Structure formats: structure tokens, C-alpha cells
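**Student:** I'd like to ask you about the structure that follows.
Please treat every number below as a calculation from the coordinates, not as lab data. Predicted, not measured: the structure shown is a model, and the values here were computed from it. Please note: Cβ atoms are built from the backbone with ideal geometry, for glycine as well, and neighbour counts cover all protein chains shown.
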Amino acid sequence: MPPFTYDVNTNRGRVRLLITDRDAANEIFDDNEIDAFLAMVSNSVFRAAAVALFQIAASETLVQKRIKLLELTTDGPSEAEALRKLALEYQEKADLAEAAEEGGSFDYAEMVYDDFSFRERLAKEALRAGGGGGDEEPVVWGAWPLP
């Protein structure tokens with residue numbers, strides 16, 4: 001029997017938590033498969049969970065299909081679609097987490113409205129570039145063409 005561990009203090013356990021694979025008696029993936037998902041996506045828990053959910057959705061579509069028997073109805077494709085949506089949400093969370101690690105997803109823009117704000121922006125760029133009193137190239141102050 002392949003190994004199954006569930007410890008939410010590990011990345012493997014966190015992936016299991018996100019994909020609701022917590023019952024050792026009815027496991028969906030074994031430890032080796034969860035580790036493979038983590039390895040495929042550089043140990044990103046949300047991305048590994050998304051890959052696992054895409055895998056479950058594909059199996060759901062292939063195995064269950066849409067079946068109606070007497071009063072019992074199963075709808076594998078709609079279940080698979082719900083799993084895919086959840087997987088996409090996990091991918092978005094991973095994107096946000098990675099953006100936050102790389103300095104955030106916030107940036108700024110300086111607006112130039114007239115000649116004065118243009119000169120002010122040039123001065124600020126020169127200061128950011130380390131200008132201000134060395135052997136650097138001198139800043140050229142030009143006129144801003146107004147409409």
C-alpha cells in the first residue's frame with residue numbers, strides 16, 4: 001500500500017487540506033503523487049493543489065460521465081467544472097502570493113501635465129538614477145511641447 005500521511009505542518013499536508021484528501025481509508029492521491037505535484041510547480045502549495053484538482057476533474061469526467069438511473073443521477077461533467085473553477089482560484093492565489101514575494105503587485109506612475117511637472121519628473125529621475133553632483137552626464141532641461 002502506498003504511503004499516506006496527513007500533517008498540515010508540511011506542504012504535502014497543506015495540499016491534502018486544500019483538495020479535501022484527508023481520509024487515509026479513502027485516499028485520492030498517495031504521498032508520492034502529492035510530492036510529484038509539488039515538484040512540478042516548485043513547491044507552491046496552491047499550484048500543486050490546482051494541479052491535483054485538475055487531475056481529479058479529468059478523472060471525474062472520464063469515469064462518471066452523466067448518468068441517470070431510476071431516481072439516481074450523477075453529473076460528472078458539472079462536478080469536474082466546479083473542480084476546475086476551484087483549481088483556477090488556487091492558481092490565482094498562487095499568482096498573488098508570488099507577486100507579494102517579489103515586492104508586491106503595486107506600482108506607481110508619475111503624471112506629466114505641463115512644462116513644470118515635466119521638469120520636476122526629469123529632476124526626480126535624475127535623483128533616482130544617482131544624479132546630483134558627480135561626473136555623470138548632465139541632465140538636459142528641455143521644454144515640454146504643450147498641446
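**Student:** At 0.36 nm per residue, and after removing the present C-alpha to C-alpha distance, how many nm does the segment from THR5 to GLU120 gain when stretched out fully?
**Tutor:** Here the segment from THR5 to GLU120 would lengthen by 35.4 nm.
**Student:** How large is log10 I(q)/I(0) at q = 0.18, 0.20, 0.23 Å⁻¹ when the Debye formula is applied to the Cα atoms of region 11-101, each weighted equally and without solvent?
**Tutor:** -0.80, -0.93, -1.12
**Student:** Can you work out ³J(HN,Hα) from phi for every residue in region 79-93, in order, using Karplus 6.51 cos²θ - 1.76 cosθ + 1.60 and θ = phi - 60°, giving whole Hz and x for Gly and Pro?
**Tutor:** Using θ = phi - 60°, the values come out as 5, 5, 5, 5, 5, 5, 4, 5, 4, 5, 4, 5, 5, 5, 4 Hz.
**Student:** Give me a comma-separated list of calculated 3J(HN,Hα) values for region 39-47, in order, Karplus coefficients 6.51, -1.76, 1.60 applied at θ = phi - 60°, integers in Hz, x for any Gly or Pro.
**Tutor:** 5, 5, 10, 6, 6, 7, 4, 5, 5
**Student:** May I pose another question? Grab the other residues whose beta carbon is less than 10 angstrom from that of GLU81, score K and R as +1, D and E as -1, and report the net.
**Tutor:** -1
**Student:** Within 10 Å, Cβ to Cβ, of PHE46, how many net charges do the neighbouring residues add up to if Lys/Arg are +1 and Asp/Glu are -1?
**Tutor:** Overall, the nearby charge balance is -1.
**Student:** Okay, moving on. For the residue pair VAL41 and GLU92, what label-to-label distance in nm results when each label sits 7 Å from Cα along the Cα-to-beta-carbon direction?
**Tutor:** 1.5
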